[in-house]
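The values are calculated or read from the model by the stated rules, or taken from the named source; none is laboratory data. Computed from a prediction, not measured in an experiment: that's the story for all the values here. Every residue, glycine as well, gets a Cβ built from its backbone with ideal geometry; the counts of neighbours run over all protein chains shown.
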Amino acid sequence: TKRSDVSNSEYAKFVSQEVPRDEVSILNSVFSHLAYTFHKNPSNTEAMDAYNGIAFTIRDRLLKRLEDTDSHFISINAKRINYMSMEFLIGRTFDNAMLALGLRKEYSAVSNTLGFNLEDLIDEERDAALGNGGLGRLAACFVDSMACCNYNGWGYGLRYRYGMFQQQIINGYQVEAPDCWMDNPNPWEFPRPEISYKVKFYGNIAKTPSTSSGYTWENAVEYDVMAFDTPVPAFGTKNVGNIRLWSCKTNDLFDLNRFNAGDYPGATGNMVAADILTYVLYPNDNQNAGKELRLKQEYMFVSATIQDIIHRFKLTGKPWSEFHELVAIQLNDTHPTLGIAELQRILVDEEAMSWDAAWDIVTKSFAFTNHTILPEALEKWPVPMMGKILPRHLGIIFDINLFFLQHVEKSIPSEREFLSRISIIEESSPQQVRMAYLAIVGSHRVNGVAQIHSDIIKATIFSEFVKVFGSDKFVNVTNGVTTRRWVNQCNPGLSALITETVGDESWVDDYPKAHLLESRVNDEDFRKRWWDVKQANKLRLATYIKDTCGITVNHDALFDIQVKRIHEYKRQLMNILGVIHRYNTLKKMTPEQRQDQVHRVIIFAGKSASGYYIAKLIIKFINSVADVVNNDKDIGDVLKVVFIPDYCVSAAEVIVPASDISQHISTAGTEASGTSNMKFVMNGGLILGTVDGANVEIAEEVGDDQIFMFGVLAHEVDEFRFNLRYHPDPLDANLQAVYDTIKSGVFGNPDEFNPLVECSHGPGDNYLVSVDFASYLMAQDAVDALYKDRESWITKSILCGSRMGKFTSDRSITDYAENIWNIEPSAVDA
Ligand code: GPV
């Protein structure tokens, strides 16, 4: 008998067994991992060991499902979505996986048997923080939803050794420390050394008749890039998703001869050069730093991914003409746009395809999501830099551009000016490659992430492309968030209420069912429990604040929360100026009047890009104001200001369920969507926001009355900016009083904070803080008034929570599947 026959039949028997789900079997597998994976027995098992031992048994169970899912999709030749993203902000996996497998109770009992509380073990896990903010978290929600909705979808990204930096607050200032998340064993990844590809940089292009395109890429530096798979647990289905992350193999780059000669730096130089490619995630959100190493990261990511996609496609044995029927590639912003040039290069240089046939495949496979209109975020690469690192790709991009401009000239007779405006190459000095333009030209669909944003990109930054390609190429897919993590996992109290109302847990992957909550809005007992759940979540956050900041806050106060990346356009500055106004107002009152006011805890959290001077100054300013307010005996509990350090996914899971109000107050037209706004409202928080991003659609769904909206509208912004520059109105008296307080020096040296004064009024006020300030304060007054009327508040909170069905990422993914990917779901156990 052949080895394969024996092993295949035995193996078939083995894998057809269900992995046991009972407590005793689970406990035994935990013992086995403790003993044989980690060299531990129950007497020397610490919390970290217990977490690892348990997590590895979950890992086993996930891997089984991952295998089953993969075989299933291969067997039916399913089309696959390849979601390409430089960021996946996953956070923790442990709790999420237990809930997905439906084994949380069993694992809780097993933890107790080992002498631990499951909640404490959950806190042993380090966040996987491979992303900056909304864009990276969206990618994580999307792979969750693809798996949950039974789509054949994989995420592709980079395995950064250091994720998003850890933020310390020292003397009020942000200080960055490396995020050493790989120091512990990671139960959630599977190294796949057998899956590796060569990725090339530098070198030169030679004309050779031997290739069909006539070009070869010579003298390049080559690296081996290898895969690490991260299974994505899915709730309510046996499908499991996958995020494939790339990293360089470095061992064979060690130079033994140099080492033997005593040249240690020389011996390891090439290893370091390869390793450093995936050392760090660039900590910029909505900002393009243009660093050479980042371009190399992007190309390494893109090249390995496209090669992997092609490899899988070839296994199907189908002709190239069917590539786009089996492969969809979604570009999460422009960061993976080089994939367009890479696929074209492989097809024409290595697969001997004609330019036009290759280009047809490329444009039918790729689609592009835009996440911002902020000019400083739009990626551009200098032509000389790209020519040095990726000479062949630069040539291909010039050709793509040439054919594109020729097409435009033919179809719409246009002047040179028009052509230079839409050219992929910006004629600056040096020339620059406009990545968003390349992404549009190389894709069959382009989408924005909320209706207002999709409308704005068509009318502004991409308007010329609408003329060229027609309006239908540009679509909207409003963002969403996974209800598995952002309701079921982070808010057990609320989840129990929804489950009781719906009758079962089906709402977790069918979120529109939460609308049934509305039927209980007049039920006294239900209303009380709804309120109690919020109070319990606020108590949990108060404890977290005590532990992380040492500040005692009263959980009966109104919790007013703004947590997100620190950015001028998000206007944390307007928030803190409003806090100073509140402080001034309270100071003028008698003690009796003060006690009569709504007590508030104002909570901030968020990281600033390390080189973003104003954002860092805003953090210092918030902390300086907090110091004064929190230590003012007159104020006491009436007002507290808190800056929670090191905002991250696991912190958000404690913060989000605890809001009464959350603020989403970007200057109209600047926030593409926002996604935390959705999470807060799902968890029964009301929002105070501008008419921007997804706030607009949230208001449509929950009703204008349920939401506190203020501020100028997107189409008015330009005119206000113009007026601030040339015909400024007199300054609002309240804002002037706030500036006077700052200038009096109560918050510290006023010179230090002067740049913040200068960028919040007059010609420096790019984000219209001074324009919106008065209406912002009015909206805040309305919040106070409503909070005093507890019954009305509870009604609004329930109505909001029940009407958020649209904002599950399952709906977003279904929109993508139907309108962009043209793909059907298929369950592994169906
Ligand atoms: I471009 N976004 C982000 O987090 N980082 C970025 O570099 C860029 C965009 C965000 C937008 O700012 C949010 O409005 C949006 O909700 C999110 O992407 C997901 O679409």
Next on the checklist: From the list ALA699, ALA714, ALA694, ALA733, exactly one residue is at pLDDT 95 or above, of a type in the set (A, V, I, L, M) and over 26 Å from LEU138 (Cβ atoms). Which is it?
Outcome noted: ALA733
Checklist entry - Residues in the stretch 168-181: is at least one within 16 Å of the ligand (Cβ to nearest atom), under 16 Å from GLY91 (Cα atoms) and either part of a strand (DSSP E or B) or not hydroxyl-bearing (Ser, Thr, Tyr) (or both)? => result no
Checklist entry - Restricting the search to the stretch 73-107, which residues are crowded, with 20+ Cβ neighbours inside 10 Å and among the acidic types (Asp, Glu)? => result GLU87, ASP95
Checklist outcome for this item: Those strands (runs of 3 or more DSSP E) completely within the stretch 65-157 that have 3 or more residues that are of a type in the set (A, V, I, L, M) are 128-130
Next on the checklist: Condition check: of a type outside the set (Gly, Ala, Ser) and within 16 Å of the ligand (Cβ to nearest atom). Does ARG582 satisfy that?
Outcome noted: no
Next on the checklist: Of the conditions (1) over 30 Å from LEU138 (Cα atoms); (2) modelled with pLDDT under 95; (3) not β-branched (Val, Ile, Thr), ASP68 satisfies every one except a single condition; which number is it?
Outcome noted: (1)
Item to check | Among residues of the stretch 234-268, those that are in contact with a strand residue (DSSP E or B) (Cβ under 8 Å, 6 or more places away or on another chain), modelled with pLDDT under 95 and among the polar types (S, T, N, Q), counted | outcome: 0
Item to check | helices (runs of 4 or more DSSP H) completely within the stretch 501-610 that count 3 or more residues being under 30 Å from the mean Cα position of the chain (by Cα) | outcome: 524-549, 572-587
Next on the checklist: Going residue by residue through the stretch 653-665, is there one that turns out to be within 16 Å of the ligand (Cβ to nearest atom), closer than 19 Å to GLY578 by Cβ and of a type in the set (Ser, Thr, Tyr)?
Outcome noted: yes
Checklist entry - Across the stretch 79-99, which residue is nearest to the ligand (Cβ to nearest atom) among those that are basic (Lys, Arg) and closer than 30 Å to GLU325 by Cβ? => result ARG80
Checklist entry - Does VAL757 satisfy the criteria of being assigned by TED's automatic domain parsing to the domain that holds ASP596, among the aliphatic types (A, V, I, L, M) and in contact with a Lys or Arg (Cβ under 7 Å, 6 or more places away or on another chain)? => result no
Next on the checklist: Here is a list: PRO233, PRO265. Which entry is more than 16 Å from the ligand (Cβ to nearest atom), crowded, with 18+ Cβ neighbours inside 10 Å and not assigned by TED's automatic domain parsing to the domain that holds CYS648?
Outcome noted: PRO233
Checklist outcome for this item: Of the residues in the stretch 268-281, those that are assigned to a loop (DSSP other than H, G, I, E, B) and more than 16 Å from the ligand (Cβ to nearest atom) come to TYR279
Checklist entry - Would you pick out the residues in the stretch 747-760 that are surrounded by 15 or more Cβ atoms within 10 Å (Cβ to Cβ), of a type outside the set (S, T, N, Q) and in contact (Cβ under 8 Å) with a residue 40 or more places away in the chain? => result PHE747, GLY748, PHE753, PRO755, LEU756, CYS759
Next on the checklist: Given the condition over 13 Å from ALA341 (Cβ atoms) and more than 16 Å from the ligand (Cβ to nearest atom), answer yes or no: does some residue in the stretch 364-377 qualify?
Outcome noted: yes
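Every residue, every condition in (1) of a type outside the set (A, V, I, L, M, F, W, C); (2) closer than 30 Å to ASP183 by Cα; (3) within 14 Å of the ligand (Cβ to nearest atom); (4) in a loop (DSSP other than H, G, I, E, B), yes or no:
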| site | (1), (2), (3), (4) |
| --- | --- |
| PRO283 | yes, yes, yes, yes |
| ARG294 | yes, yes, yes, no |
| GLN297 | yes, yes, no, no |
| THR305 | yes, yes, no, no |
| PHE313 | no, no, no, no |
| SER321 | yes, no, no, no |
Checklist entry - Pairs, please: C-beta under 9 Å, at least 6 apart or cross-chain, first residue at negative phi and in the stretch 683-706, second among the acidic types (Asp, Glu) and surrounded by fewer than 24 Cβ atoms within 10 Å (Cβ to Cβ)? => result GLY685/ASP660; LEU686/ASP660; THR690/ASP772
